[in-house]
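The values are calculated or read from the model by the stated rules, or taken from the named source; none is laboratory data. Nothing here was measured: the structure is a model prediction, and the numbers come from that model. Backbone-built Cβ (ideal geometry, glycine too); neighbour counts: all protein chains shown.
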Amino acid sequence: MKKALKWIIFLISIFIFLYAFSSSYSSESIDHLDYVIAIGIDSIENSENFEYSFEFANISSFSENASPEDSKPIINKVSAPSISGAINILNSYVGKQVNLSHCKVVIFSDEVAQKGIISDIASLMNDTQIRPTVNVLISEVSASKYIEGSASSLEKVLTKYYDIFPTSSEYTGYTSNVTLEAFYNNITNKDIGAVAILGRTVKSSKQEEKSSSDSSSSSSSSSSGSEEQGGNEAQGQEQGGEEQQNQSQTESGHDSPSETTSQGQSVLEGDRGTENIGLCVFKDDKDIGHLTAMETLCYSMLIDEVDNFYVRLDSPYSEGQKIDISIDALSSTKISVDVAQENPIIKIKLNLTGETLNGLDYLDYSDTKVLNDINNNLKQYLSNEISNYLNKTSKEFKVDITGFYKKARKNFLTLKDFDNYNWTQKYENAEFDVEINSDIISSRLIQNS
């Protein structure tokens, strides 16, 4: 009996040993997988296919001894009618199995988004490898250009950037952490519109260095006469490219609370060639317009996504002087919807506190009247901006992207009654009542206390 028991234990041990180490030789080993960290989708002129750009993680960049060359993005492009077909083609090309479990962001070009993206979004939602926390981004330029410009020497591993940039909504309010799951639920819900992160390219020091290097190389290989002619042509092309980029940014309505971006031109220039400011608005699955930085901040305030943000106000006492204020939310935004009248009345109440950031010599922040005047200016400024945002969503976009329908639905006994109310049509004529309670304090008083 003991001998038989020993044999049983021996055989079980052998079985466990073989099972534990068999996975090292399977196709699912890390050595047999290529991990995608970003997917870009662009249209192809005069073709029913799309261009799918896959950005891969360079495993060697995770090493402590990795060189700057190791952190450069690895991008493969495939022409296919669908994302499933693109992955299938790519599997036969790269020699390893493409794995989407570490994908951080899916990027659609604006051109693709305007035609409808439900097909690819549904395919991604049904893919068991894709996580529901993947971010959805719409690029004003091609998705492939956005991916190429996202690399920066500030981050040794690019996945960290894709992880962190959506969370900047918590302390700026200029974007939003839009996940694939939330985006899919909204574009398939007739009562609410969806939003996606808005991305674009900006002036990059890397691009300038590359352009300068290319110009030098071209000049050294030509005669002096050709150099002069080529230099003039290159200069003309560069100026034309900058004008085209500025025109594109202006048309997109890119607007930041900073004075220098009031005309829609980006003030950013740095190592990275992309920025994520604003939101893209969807009705059903089609891109119908964009929100500026300030409009996105209003959206973030109403959905309680921003914890702290900054605004710059005109001084109530001196023309041309500005006052910088840091603002925090004291409590969640209170929203109620009255459907008793012909048009819904949406009441919004925000409870904020602010702190002056810059000290102006002619202002006495210890004077209660001065702080009250600044406080009144702040309430008027935010009320106007929020009202403009709400009117744009209801009158121009004709879609409720803030989610007011959830509050309106509570006024009905059944979902059928709410469906009969036809919220989407009613929202176009909605009336808004914005109330802001705020209290401005002086940072100088805090420092002197």
Members of segment 5-64 found to be in the same structural domain as I118 (by TED's automatic domain parsing), among the β-branched types (V, I, T) and at pLDDT 65 or above, listed by number
V36, I37, I39, I41, I44
Single condition P166 does not satisfy, out of (1) closer than 22 Å to E295 by Cα; (2) surrounded by fewer than 19 Cβ atoms within 10 Å (Cβ to Cβ); (3) modelled with pLDDT under 90; (4) of a type outside the set (F, W, Y):
(2)
Could you please give the count of residues in segment 101-141 that are assigned to a loop (DSSP other than H, G, I, E, B), closer than 19 Å to F165 by Cβ and in contact with a strand residue (DSSP E or B) (Cβ under 8 Å, 6 or more places away or on another chain)?
8
Taking interchain pairs and intrachain pairs at least six residues apart, which have beta carbon atoms under 8 angstrom, with the first residue in segment 370-388 and in the same structural domain as D433 (by TED's automatic domain parsing) and under 13 Å from V311 (Cα atoms) and the second surrounded by fewer than 19 Cβ atoms within 10 Å (Cβ to Cβ) and hydroxyl-bearing (S, T, Y)?
N375/S438; L378/S438; K379/S438; L382/S438
Of the residues in segment 292-339, those that are of a type outside the set (A, V, I, L, M), closer than 13 Å to I386 by Cα and in contact with a helix residue (DSSP H, G or I) (Cβ under 8 Å, 6 or more places away or on another chain) number 5
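Before we move on, is D364 of a type in the set (D, E, K, R) and under 24 Å from G320 (Cβ atoms)? If you could, list the steps in order and put the result at the bottom.
Details: of a type in the set (D, E, K, R): yes; under 24 Å from G320 (Cβ atoms): yes.
Yes, satisfied.
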